[in-house]
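A.B. asks: Pasting a structure here, questions to come.
The values are calculated or read from the model by the stated rules, or taken from the named source; none is laboratory data. This one's a predicted model, so the numbers in the text were calculated from it and none came from an experiment. Positions of Cβ are generated from backbone atoms using ideal geometry, with glycine treated the same way; all protein chains shown enter the neighbour counts.
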Amino acid sequence: MIDKVPKNIALTGEPMKADELKTEILEELGSDVYVVYPDDERHLIAEAILLSIASACIAEFLKGLVDFKALGEATRHKLGELCSSFRHKDQRKLERYQDSGEIEELLVLIKSSPGRLSGKSLADAEQNLADALRQLGMDEERAAQHSRAVATIISSTLNTEDSV
């Protein structure tokens, strides 16, 4: 079992691109990210919250592929808090979240464990994200659509041969 994932290890021989992955996910979610706000409070979403939403989507998806126990305790705690804040629409915590490399650590862990990228585990990961999006308030169809697209984006980033 991996105790600590080294930082700044490239997935495909190039520098990690977690920020680009977050941007792609936000483009996919579009205006549906407003579900983190009650109807009477929907307004321009702070950039910090947008980045946290993208990070949470990545973490929720990857949580279906890997046991967070393989990560360091601090990373595991921070990602657990992020996912909880995301599922419970806690805007203050989402706004305060700062990614200090946790998403890259998750991506490296997944990439270093290719057996975890089977079709069934990818489907489970997609379902985990869809559940989180529904808990946020998205309808089932939109949650499934976004989850499927995010699965494709992340799988592409992981450079897998599995189709999702």
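A.B. asks: Of (1) at pLDDT 85 or above; (2) within 26 Å of A123 (Cα to Cα); (3) among the acidic types (D, E), D67 satisfies all except one. Which?
C.D. replies: D67 satisfies all of (1) at pLDDT 85 or above; (2) within 26 Å of A123 (Cα to Cα); (3) among the acidic types (D, E) except (1).
A.B. asks: Right, another one. Taking A74 as meeting all but one of (1) surrounded by 12 or more Cβ atoms within 10 Å (Cβ to Cβ); (2) at pLDDT 85 or above, write down the number of the exception.
C.D. replies: (1)
Residue-wise test of (1) of a type in the set (S, T, N, Q); (2) buried (at least 18 other Cβ atoms within 10 Å of the Cβ); (3) closer than 21 Å to T152 by Cα; (4) under 15 Å from the mean Cα position of the chain (by Cα).
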position	(1), (2), (3), (4)
S52	yes, yes, yes, yes
K69	no, no, no, no
S85	yes, yes, no, yes
H88	no, no, no, no
K93	no, no, no, no
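Table: residues versus (1) at pLDDT 85 or above; (2) under 21 Å from A151 (Cβ atoms); (3) touching a Gly at 6+ places or on another chain (Cβ under 8 Å); (4) not aliphatic (A, V, I, L, M).
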{"position": "L44", "(1), (2), (3), (4)": "no, no, no, no"}
{"position": "A56", "(1), (2), (3), (4)": "yes, yes, no, no"}
{"position": "K78", "(1), (2), (3), (4)": "yes, no, no, yes"}
{"position": "L94", "(1), (2), (3), (4)": "yes, no, no, no"}
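A.B. asks: Now, a different point. Regarding S85, is this residue in a helix (DSSP H, G or I) and polar (S, T, N, Q)?
C.D. replies: So S85 passes the test.
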